[in-house]
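Just so you know, all these numbers are worked out from the coordinates, no wet-lab data involved. Everything numeric in this text was worked out from a predicted model, so none of it was measured. Ideal geometry is used to build each Cβ from the backbone, glycine not excepted, and the neighbour counts take in all protein chains shown.
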Amino acid sequence: MVRKKWLKGVVALLAALVLAGCSGSNSEKDFTSEPVNSGQSVRITGYTGSKSVVIIPSKIKKLPVTQIGQEAFRDKNLTSVTIPDSVISIEAGAFSDNRLTSVTIPDSVTSIERSAFYGNQLTSIIIPNSVISLSGFNNNQLTSITIPNSVTLIGDAAFSDNQLTNVTIPDSVILIGEAAFSGNQLNNVTISDSVLDISSGAFQNNQLTSVTLPNSVRFIGYRAFQNNQLTNVTLLNNYAMIGYGAFMENRLTSVTISNTVSAKNAADLSIPISEVFDENVRIIRQ
């Protein structure tokens, strides 16, 4: 009887230790950091812990954690991370190359930089309506996203190489960065009339069948919509500039476009408007 009780006690202790090891309740000692903002807060620069489930503390050395530094948690085999509501910015590559399936981002964050969550296994993400500059979710498994109307900039490669099928660009967004949505499965995109620039390769390699570009759009970058299934393109701005190959490798047979619309190549030199489309596309100028 005594031996059975002893064995049960050992089993319970081992179970408690396993749970504690997976709980993600981290000590300050698990992180390296540096002072920022004239010593008023800290940036986390590295993770030295061993837990795969991480809860980042809101304070280190009694100072608020306001920044997650470049590649601070890169390649640490993380599966889940909770970011405290003291954090304002998540820098480039901060959580890249992990195994993340869950991320909690607080509504204090205003900036998520390029490749911040690159190369993980995220299937969904909630982007808080505090975010102004949005990037960092390339090469995951996202099937849908909601971009809040706080966002003004969608950065380079923000959502490239995921599994998105549709996306709505809210009327707060001004610029869509290079390759922002490339390499998805998009068959529908709604672009608001706040957007001024659609950068190179922004919607390249998707399955779009039609697109309406609002009157606000003044620049469409190099190969922006290349390799889709487009049969119809509506360009409302008669004074837009279009980059080389922007609509190549689609299913367009003809397109009507204003005489005032111009084109340029990657070297920023003027080119004929025909070099925006495939050779067989009939271009009607008016």
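Side notes on the structure shown:
- Over the chain, the hull volume per residue, using the convex hull of the C-alpha atoms, is 142 Å³.
- Distance from the Cα centroid of the stretch 167-183 to that of the stretch 80-109 is 21 Å (rounded to whole angstrom).
- R0 of 45 Å, Cβ-Cβ distance Ser254-Asp107: FRET efficiency to nearest 0.05: 0.40
- Distant-in-sequence amide H partners of Tyr47 (H built 1.01 Å from N, under 5 Å): Thr32
- Radius, Kirkwood style, for the stretch 142-285 when every pair of distinct Cα atoms is counted (Å): 14.8 Å
- Residue order, fewest to most surrounding Cβ atoms within 10 angstrom, among Thr231, Thr101: Thr231, Thr101
- Computed over the chain: relative contact order in percent, which uses C-alpha pairs under 8 Å that are six or more apart: 8 percent
- Inter-label distance, nm, simple model (7 Å from Cα along the C-beta direction), Ile55/Ser124: 2.2 nm
- Longest segment of the chain lacking trypsin sites (Lys or Arg not before Pro) that sit in a DSSP loop with at most 16 other Cβ atoms within 10 Å: 100-217
- Each label point was placed 7 Å from the Cα along the Cα-to-Cβ direction; for Asp171 and Val36 their separation is 3.4 nm.
- Ranked list, fewest to most other Cβ atoms within 10 Å of each Cβ, for Leu269, Leu186: Leu269, Leu186
- Förster radius 35 Å - calculated FRET efficiency between Asn187 and Ser262, Cβ distance, rounded to 0.05: 0.75
- When the alpha carbon coordinates of the stretch 183-235 are projected onto the principal axes, the ranges are 25, 18, 15 Å, largest first.
- Listed by Cβ neighbour count within 10 Å, with the fewest neighbours leading, Asp107, Asp268 appear as Asp268, Asp107.
- Near Asn77: Cβ cut-off under 10 Å, other residues only, Lys/Arg at +1 and Asp/Glu at -1. The net charge is +1.
- Counted charge near Thr152, where neighbours are those whose Cβ lies closer than 14 Å (Asp, Glu -1; Lys, Arg +1): -2
- Between helix 2-22 and the chain there is an angle of about 30 degrees, using the helix long axis and the longest principal axis of the Cα atoms.
- Sequence-separation-based contact order of the stretch 142-285, relative, with Cα cut under 8 Å and 6+ spacing, percent: 15 percent
- Relative to the current alpha-carbon distance between Ser270 and Asn238, full extension at 0.36 nm per residue lengthens the span by 9.9 nm.
- With R₀ fixed at 35 Å, the C-beta to C-beta distance from Asn280 to Arg218 puts the FRET efficiency at about 0.80.
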